[in-house]
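The values are calculated or read from the model by the stated rules, or taken from the named source; none is laboratory data. Small disclaimer: the values here were computed from a predicted structure and weren't measured. Glycine gets a Cβ as well: all are built from the backbone with ideal geometry, and neighbour counts include every protein chain shown. Each accessible area value is taken on the protein alone, full model and side chains, heavy atoms only, with ligands, DNA and RNA left out. Shrake-Rupley method; radii C 1.70, N 1.55, O 1.52, S 1.80 Å.
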Amino acid sequence: MATIRPCILDATHSLGASAPPVGVRILSIWKHLTKTKLQADRNDKIQREVNGIRPAYHQQSNVMFYRLKFLRAGRWYGLGNCPDSNTGHDNRNHTKRNGTIHMRNVLIPTKLNATAGDILRDSGFTVVQDTDTPLADLIKANPDTSALIVRSEAVTADVIDSLPNLKVIIRAGAGYNTIDTKHARRKGIDVMNTPGANANAVAEEVIALILACYRFVVAGDTTTRQGLWNKKDYLGRELTGKTVAIVGLGNIGQLLVKRLTGFECRIIGYDPVISASKASDLGVELMPLEKLFETADIVSLHIPEVKETKGLINKSYFDRMKPGAMLVNCARAGIINEGDLRTARTKKELLYCNDVYPNDAPGKKSVADIADVMLPHVGANTREANLTAARRAAEQLIAYVNRGIMTYVVNKSVPEGLDEEHQALAFYLSKVARCYLGCDVQPDRIEISLYGGLGDYANWLIAPVVSGISSDFDPMFDFQDASEYLAEKGIKLVNRPSDESKYSGRSMTVDLFEGSGNTITKVSVRGTVAEGNPMVSRIDDFDKLYFEPSGKSVLVVYKDQPGMLAKITTVVAKYGINIIDIRCPYDPGSGNSIAVLKVSDTVDRNVLDEIKVSSGADKAVFLDIE
């Protein structure tokens, strides 16, 4: 991992002409700012006096403080680039005025509402907005581009490398899988998105597809224009009163609930994160995926395409659907097993509406033979959504450049003093807790305890915790994104005060809670980093585990007595699964032990069930964590 060091811009002039060593300078600046009791209304003045230090809200002390920008792998993180260490001048072609580095050359090579360019020009930016010229030609003509705003265009490593002054890429929309975020990070380039800008457009598109399919709108229009009168062929159905299932209750899913209200539908839903109380407030009845597919007349998918969801909607769910039921996919193509759908559609006469494809490009579409209605990925393609995304992109860029606001940066790095391994640990502990609690159980509350100075970096650890309980939350998001996401899902987050005398070294605990009153279920997972490896040291009262959570593992809780471990391993061996490592600490309070088996292959549900029957185990869980 590259070394992260503080980088101060022209800070010495406010503290004296002679510049002491960097560490002393940081401390001096901090004391200087604290002593002057800075107020929010003086931020602009201080920004001019102490360039390279930007205001941020200190969560613990309710005062304003100034977060030092930092440099990683030789790249300046913040507004502009690190100046020459001797001259204090910027090494690249950004304009520097009044002690502030400006990035004013914006390229918009996409069909985005002209409002984006207008807003930016009014704020002093130079904007090239061109939807007709190929991106490669635009890059050659505008090599001084410092900010790039795109929609669905692919921003590859080659594109990034072709723009030597590029500092920020903004995706005018939510998804950013078309941007090489990792390469951008390596080059010191921030990537931002505008989540929620297109949500209502997609929610309304779902309604449009359902009605078009139910009432034969496309076929009816086509044949009538041909002079035919096929009224008898178009006996449709009504949406009113149907049971509509929504898989994924994020921004789009929740808006779809509201749009369906006027049709007096019964709304059922599945979301692995949203709390029962939040779902109840929305008017959604939560249920497991299996029961959801059995119950619904219409299933609408609103989940991301990640490792856990790729091919998720397959034969096991299609076989449960009612004859004639409808499936709507306005999410991502890869979440559906297309072959299984083709078979099920023939057998059960299922209806299918589709707006997503592996690639957004002309050419034959593999779903053409099974889709009743299909559109060219136009879910976000409304005038209103385009206008909203354009305005959001422009306003975010202005806030980023002028005030250093990085709320929607999706590929953030870590600050000095925090190792990336501890962010990974936060993710692993949360993921283990989530699986141990039950993937179909929605937690109501998350409580964390941070030891060994990690409390100072809580804002950088919350996002990985949230990512561990929900695969559709990107761990590169920041504290504010995580807070908003949890609020949206109705989950409370508590960062508990930590007794530093209780433990030595850097460690953390993640607790998940579900239920209320006398029926609260709690899972507590503790861990640390040992020799650079995240380790789980405790699950509930099973202490001194020290197992590495990455990879494939089986966790079995059983009544401790002779021969139990042999029964568990015999079942595993029966299915040809190799055991790489075993940990089995004992809890004297309950009389139980937990066996943690690192295994070579995936362990299916039937194997876990057989382990429980053979050993009388209370719990058997399989983990597969990258």
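What the table shows:
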| read-out | value |
| --- | --- |
| Pairs where the first residue, in the stretch 377-399, is among the β-branched types (V, I, T) and the second is open to solvent by less than 30 Å² (accessible area, probe 1.4 Å) and not in a helix (DSSP H, G or I), C-beta under 7 Å, 6+ apart | V378/D355; T388/A197 |
| Only listed residue being touching a Phe, Trp or Tyr at 6+ places or on another chain (Cβ under 7 Å) and not hydroxyl-bearing (S, T, Y), chosen from I405, I462, I398 | I462 |
| Options A201, A197; residue that is in a loop (DSSP other than H, G, I, E, B) and in contact with a helix residue (DSSP H, G or I) (Cβ under 6 Å, 6 or more places away or on another chain) | A197 |
| The lone exception for A208 - which of (1) small (G, A, S); (2) open to solvent by 10 Å² or more (accessible area, probe 1.4 Å); (3) modelled with pLDDT under 95 it fails | (3) |
| Candidates G404, G324, G334 - the one that is free of Cβ contacts under 8 Å to residues at least 40 places away in the same chain, open to solvent by less than 40 Å² (accessible area, probe 1.4 Å) and touching a Gly at 6+ places or on another chain (Cβ under 9 Å) | G334 |
| Answer residue from the stretch 483-541, given it is aromatic (F, W, Y) and in contact with a strand residue (DSSP E or B) (Cβ under 6 Å, 6 or more places away or on another chain) and is modelled with the highest pLDDT among those | F513 |
| The stretch 349-361, subset over 18 Å from S152 (Cα atoms) and either modelled with pLDDT under 95 or assigned to a loop (DSSP other than H, G, I, E, B) (or both), residue most open to solvent (accessible area, probe 1.4 Å) | E349 |
| Sole residue being touching a Pro at 6+ places or on another chain (Cβ under 6 Å), open to solvent by less than 50 Å² (accessible area, probe 1.4 Å) and at pLDDT 95 or above, chosen from L120, L138, L148 | L138 |
| Residues of the stretch 305-321 satisfying the condition of being at positive phi and open to solvent by 30 Å² or more (accessible area, probe 1.4 Å) | none |
| Per-region count, the stretch 594-610, residues under 34 Å from the mean Cα position of the chain (by Cα) and open to solvent by less than 60 Å² (accessible area, probe 1.4 Å) | 10 |
| Test: residue in the stretch 478-485 that is open to solvent by 60 Å² or more (accessible area, probe 1.4 Å) and either more than 30 Å from G250 (Cα to Cα) or in contact with an Asp or Glu (Cβ under 6 Å, 6 or more places away or on another chain) (or both) | no |
| Positions within the stretch 169-179 being in contact with a Lys or Arg (Cβ under 9 Å, 6 or more places away or on another chain) and in a loop (DSSP other than H, G, I, E, B), in sequence order | A172, G173, G175, N177, T178 |
| Residues (part of a loop (DSSP other than H, G, I, E, B) and in contact with a Phe, Trp or Tyr (Cβ under 7 Å, 6 or more places away or on another chain)) located in the stretch 585-615 | P585, V603 |
| Strands (runs of 3 or more DSSP E) fully within the stretch 510-584 counting 2 or more residues that are out of contact with any Leu (no Cβ under 9 Å at 6 or more places or on another chain) | 542-547, 551-559 |
| Filter result for R434 (in contact with a helix residue (DSSP H, G or I) (Cβ under 7 Å, 6 or more places away or on another chain), closer than 30 Å to G124 by Cβ, in contact (Cβ under 8 Å) with a residue 12 or more places away in the chain and of a type in the set (K, R)) | no |
| Filter result (more than 19 Å from V525 (Cα to Cα) and within 11 Å of the chain's Cα centre (by Cα)) within the stretch 441-470 | none |
| Residue in the stretch 571-593 that is touching a residue at least 12 places away in the same chain (Cβ under 8 Å), aromatic (F, W, Y) and open to solvent by 60 Å² or more (accessible area, probe 1.4 Å) present | yes |
| Selection within the stretch 180-196 - open to solvent by 10 Å² or more (accessible area, probe 1.4 Å) and touching a Lys or Arg at 6+ places or on another chain (Cβ under 6 Å) | none |
| Selection count where residues are open to solvent by less than 40 Å² (accessible area, probe 1.4 Å), outside any helix (DSSP H, G or I) and over 22 Å from N177 (Cα atoms), scope the stretch 445-477 | 8 |
